[in-house]
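One structure below.
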Amino acid sequence: PEADQWPTHPHRGFEALTYVLDGAVEHNDGAGNTRRIEAGGAQVVVAGAKTGHAETPVSGARNRGLTLCVNVPTRLEGAQTEVDQVEPARMPVAHGAGVRVRVVAGDDSPLKLTTPVRWHDIALDPGASHEAHIPSGWNGFAYVVDGQVQIGDTQIKAGYAAFPGDGAFKIESDGDARVVLIAGRPHGS
(Lines give C-alpha, C1' and ligand atoms only; values in the text may rest on other atoms or scores of the structure.)
Protein backbone atom coordinates (compact mmCIF):
# COMPACT_ATOMS: atom_id res chain seq x y z
CA PRO A 1 0.00 0.00 0.00
CA GLU A 2 0.92 3.62 -0.38
CA ALA A 3 2.48 5.34 2.60
CA ASP A 4 -0.68 7.39 3.21
CA GLN A 5 -3.35 4.66 3.25
CA TRP A 6 -4.20 1.04 3.84
CA PRO A 7 -6.47 0.15 0.91
CA THR A 8 -9.60 -1.95 1.30
CA HIS A 9 -8.63 -5.36 2.62
CA PRO A 10 -10.62 -8.30 4.02
CA HIS A 11 -11.06 -9.35 7.64
CA ARG A 12 -12.69 -12.51 8.95
CA GLY A 13 -12.49 -14.38 12.22
CA PHE A 14 -11.01 -11.67 14.39
CA GLU A 15 -11.56 -8.30 15.97
CA ALA A 16 -9.18 -5.43 15.26
CA LEU A 17 -8.62 -2.75 17.88
CA THR A 18 -7.10 0.42 16.40
CA TYR A 19 -5.74 3.07 18.76
CA VAL A 20 -4.60 6.40 17.31
CA LEU A 21 -1.52 7.88 18.99
CA ASP A 22 -1.17 11.04 16.85
CA GLY A 23 -3.29 12.58 14.08
CA ALA A 24 -6.46 10.86 12.91
CA VAL A 25 -7.62 7.91 10.79
CA GLU A 26 -10.70 7.55 8.57
CA HIS A 27 -12.35 4.11 8.70
CA ASN A 28 -14.73 2.72 6.02
CA ASP A 29 -16.03 -0.84 5.80
CA GLY A 30 -18.28 -3.09 3.74
CA ALA A 31 -21.10 -2.78 6.30
CA GLY A 32 -21.42 0.94 5.53
CA ASN A 33 -19.64 2.20 8.65
CA THR A 34 -17.68 5.41 8.11
CA ARG A 35 -15.93 6.93 11.09
CA ARG A 36 -13.01 9.13 12.04
CA ILE A 37 -10.76 8.13 14.93
CA GLU A 38 -8.91 11.06 16.55
CA ALA A 39 -5.67 10.85 18.57
CA GLY A 40 -6.40 9.22 21.91
CA GLY A 41 -9.49 7.48 20.52
CA ALA A 42 -9.95 3.82 19.66
CA GLN A 43 -12.17 1.59 17.58
CA VAL A 44 -12.92 -2.14 17.55
CA VAL A 45 -14.11 -3.85 14.36
CA VAL A 46 -15.48 -7.34 15.05
CA ALA A 47 -15.38 -9.30 11.80
CA GLY A 48 -16.71 -12.79 12.38
CA ALA A 49 -17.98 -13.12 8.80
CA LYS A 50 -15.85 -11.74 5.98
CA THR A 51 -15.88 -7.96 5.58
CA GLY A 52 -13.68 -5.46 3.79
CA HIS A 53 -12.47 -2.23 5.31
CA ALA A 54 -10.02 0.57 4.66
CA GLU A 55 -8.15 2.88 7.00
CA THR A 56 -6.79 6.14 5.69
CA PRO A 57 -4.62 8.45 7.79
CA VAL A 58 -5.86 12.03 7.64
CA SER A 59 -3.42 14.18 5.68
CA GLY A 60 -1.76 17.31 6.95
CA ALA A 61 -0.60 15.92 10.29
CA ARG A 62 1.69 13.32 11.78
CA ASN A 63 -0.27 10.08 12.01
CA ARG A 64 0.68 7.19 14.27
CA GLY A 65 -1.42 4.36 15.58
CA LEU A 66 -1.38 0.76 16.69
CA THR A 67 -3.69 -2.09 15.75
CA LEU A 68 -4.14 -5.31 17.70
CA CYS A 69 -5.85 -8.24 15.97
CA VAL A 70 -7.44 -10.84 18.25
CA ASN A 71 -9.04 -14.09 17.05
CA VAL A 72 -12.75 -14.20 17.88
CA PRO A 73 -14.14 -17.12 19.89
CA THR A 74 -15.51 -19.96 17.74
CA ARG A 75 -19.10 -18.94 18.60
CA LEU A 76 -18.60 -15.62 16.77
CA GLU A 77 -16.85 -16.84 13.61
CA GLY A 78 -19.94 -16.25 11.43
CA ALA A 79 -21.13 -13.05 13.13
CA GLN A 80 -21.83 -9.92 11.13
CA THR A 81 -19.49 -6.94 11.32
CA GLU A 82 -19.83 -4.71 14.36
CA VAL A 83 -17.98 -1.46 15.06
CA ASP A 84 -17.53 0.14 18.47
CA GLN A 85 -15.66 3.40 18.92
CA VAL A 86 -14.68 5.47 21.94
CA GLU A 87 -13.76 9.12 21.60
CA PRO A 88 -10.68 10.42 23.47
CA ALA A 89 -12.72 12.37 26.05
CA ARG A 90 -14.48 9.15 27.16
CA MET A 91 -11.26 7.21 27.84
CA PRO A 92 -10.53 6.87 31.56
CA VAL A 93 -7.23 8.51 32.54
CA ALA A 94 -5.42 8.04 35.87
CA HIS A 95 -2.67 10.38 37.02
CA GLY A 96 0.14 9.57 39.45
CA ALA A 97 3.55 10.99 40.31
CA GLY A 98 4.93 11.72 36.82
CA VAL A 99 2.71 9.07 35.22
CA ARG A 100 -0.47 9.24 33.10
CA VAL A 101 -2.33 6.01 32.28
CA ARG A 102 -5.06 6.08 29.63
CA VAL A 103 -7.23 2.94 29.81
CA VAL A 104 -7.92 2.04 26.17
CA ALA A 105 -9.54 -1.38 26.75
CA GLY A 106 -10.49 -3.48 29.75
CA ASP A 107 -10.86 -2.35 33.34
CA ASP A 108 -13.06 0.79 33.32
CA SER A 109 -12.85 1.54 29.59
CA PRO A 110 -16.16 1.78 27.73
CA LEU A 111 -14.46 -0.04 24.81
CA LYS A 112 -14.99 -3.80 25.15
CA LEU A 113 -13.76 -6.70 23.08
CA THR A 114 -15.33 -10.17 22.95
CA THR A 115 -12.07 -11.52 24.42
CA PRO A 116 -10.94 -10.07 27.75
CA VAL A 117 -8.17 -7.60 26.82
CA ARG A 118 -6.37 -4.93 28.84
CA TRP A 119 -4.66 -2.07 26.96
CA HIS A 120 -3.02 0.79 28.86
CA ASP A 121 -1.26 3.78 27.27
CA ILE A 122 1.34 4.82 29.87
CA ALA A 123 3.20 8.15 29.67
CA LEU A 124 6.14 8.58 32.04
CA ASP A 125 8.00 11.78 32.93
CA PRO A 126 11.78 11.66 33.48
CA GLY A 127 12.58 9.62 36.59
CA ALA A 128 9.04 8.25 36.93
CA SER A 129 8.09 4.63 37.51
CA HIS A 130 4.85 2.69 37.17
CA GLU A 131 3.76 -0.58 38.78
CA ALA A 132 2.13 -2.65 36.04
CA HIS A 133 0.37 -5.99 36.22
CA ILE A 134 -0.59 -8.77 33.82
CA PRO A 135 -3.37 -10.98 35.27
CA SER A 136 -2.55 -14.58 36.11
CA GLY A 137 -2.89 -16.89 33.10
CA TRP A 138 -2.97 -14.01 30.60
CA ASN A 139 -0.42 -13.31 27.85
CA GLY A 140 0.91 -9.80 27.47
CA PHE A 141 3.68 -7.43 26.50
CA ALA A 142 4.90 -3.88 27.02
CA TYR A 143 5.71 -2.03 23.77
CA VAL A 144 7.81 1.14 23.98
CA VAL A 145 6.32 3.80 21.70
CA ASP A 146 8.65 6.69 22.62
CA GLY A 147 11.78 6.99 24.72
CA GLN A 148 13.43 4.19 26.64
CA VAL A 149 12.39 2.33 29.79
CA GLN A 150 13.71 -0.32 32.10
CA ILE A 151 11.59 -3.38 32.86
CA GLY A 152 13.27 -5.61 35.39
CA ASP A 153 16.97 -5.72 34.44
CA THR A 154 16.33 -4.96 30.76
CA GLN A 155 16.50 -1.60 28.96
CA ILE A 156 13.87 -1.40 26.19
CA LYS A 157 14.00 1.38 23.59
CA ALA A 158 11.28 2.72 21.25
CA GLY A 159 10.11 0.17 18.71
CA TYR A 160 10.81 -2.84 20.94
CA ALA A 161 8.74 -4.89 23.36
CA ALA A 162 9.24 -6.78 26.60
CA PHE A 163 7.36 -9.91 27.60
CA PRO A 164 7.49 -9.85 31.41
CA GLY A 165 5.04 -12.74 32.01
CA ASP A 166 2.01 -12.56 34.26
CA GLY A 167 2.16 -10.83 37.62
CA ALA A 168 3.47 -7.47 38.78
CA PHE A 169 6.46 -5.63 37.31
CA LYS A 170 7.87 -2.10 37.32
CA ILE A 171 8.35 0.20 34.32
CA GLU A 172 11.00 2.88 34.98
CA SER A 173 12.11 5.79 32.81
CA ASP A 174 15.10 8.15 32.92
CA GLY A 175 13.54 10.47 30.29
CA ASP A 176 10.12 11.10 28.79
CA ALA A 177 8.69 7.76 27.64
CA ARG A 178 5.48 6.24 26.37
CA VAL A 179 4.64 2.54 26.69
CA VAL A 180 1.56 0.53 25.79
CA LEU A 181 0.82 -2.47 27.98
CA ILE A 182 -1.38 -5.01 26.20
CA ALA A 183 -2.58 -8.28 27.72
CA GLY A 184 -5.33 -10.77 26.98
CA ARG A 185 -6.81 -13.95 28.31
CA PRO A 186 -6.28 -16.87 25.91
CA HIS A 187 -9.44 -18.55 24.57
CA GLY A 188 -10.34 -21.72 26.45
CA SER A 189 -8.60 -20.67 29.65
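The values are calculated or read from the model by the stated rules, or taken from the named source; none is laboratory data. The structure presented is a predicted model; accordingly, all values stated were derived computationally and were not measured. All Cβ positions, glycine included, derive from the backbone under ideal geometry; neighbour counts span all protein chains shown. SASA here: full protein model, heavy atoms, side chains in, ligands and nucleic acids out. Shrake-Rupley method; radii C 1.70, N 1.55, O 1.52, S 1.80 Å.
If the condition is being of a type in the set (A, V, I, L, M, F, W, C), closer than 21 Å to ALA24 by Cα and over 16 Å from the mean Cα position of the chain (by Cα), then the range 82-106 contributes only ALA89. Give the range 122-174 a look and list any residue that's open to solvent by less than 70 Å² (accessible area, probe 1.4 Å), over 18 Å from ARG185 (Cα atoms), at pLDDT 95 or above and outside any strand (DSSP E or B), or say none. Scanning the range 122-174 gives GLY127, ALA128, GLY147, ALA158, GLY159. Scan the range 40-60 and give yes if some residue there is surrounded by fewer than 19 Cβ atoms within 10 Å (Cβ to Cβ) and either under 16 Å from ILE182 (Cβ atoms) or at pLDDT 90 or above (or both), otherwise no. No, because not a single residue in the range 40-60 is surrounded by fewer than 19 Cβ atoms within 10 Å (Cβ to Cβ) and either under 16 Å from ILE182 (Cβ atoms) or at pLDDT 90 or above (or both).
Among the conditions (1) of a type in the set (A, V, I, L, M); (2) part of a strand (DSSP E or B); (3) within 26 Å of GLU87 (Cβ to Cβ), the only one that LEU111 does not satisfy is (2).
Give the residues of the range 175-184 that are among the small types (Gly, Ala, Ser) and either part of a strand (DSSP E or B) or surrounded by 14 or more Cβ atoms within 10 Å (Cβ to Cβ) (or both), sorted by residue number.
Taking the range 175-184 as the starting set, the residues that turn out to be among the small types (Gly, Ala, Ser) are 175, 177, 183-184.
Listed by number, the residues that qualify are ALA177, ALA183, GLY184.
What about ALA89, is it under 22 Å from VAL20 (Cβ atoms) and open to solvent by 60 Å² or more (accessible area, probe 1.4 Å)? Walk me through how you get there before you give the answer.
On the way: under 22 Å from VAL20 (Cβ atoms): yes; open to solvent by 60 Å² or more (accessible area, probe 1.4 Å): yes.
Considered against the rule, which asks whether it is under 22 Å from VAL20 (Cβ atoms) and open to solvent by 60 Å² or more (accessible area, probe 1.4 Å), ALA89 comes out as yes.
Taken over the range 104-121, the criterion of being over 18 Å from VAL72 (Cβ atoms) and either open to solvent by less than 20 Å² (accessible area, probe 1.4 Å) or among the aromatic types (Phe, Trp, Tyr) (or both) is satisfied by VAL104, SER109, ASP121. Residues that are within 17 Å of ILE151 (Cβ to Cβ) and more than 12 Å from the chain's Cα centre (by Cα) within the range 107-124 comprise ALA123, LEU124, listed in sequence order.
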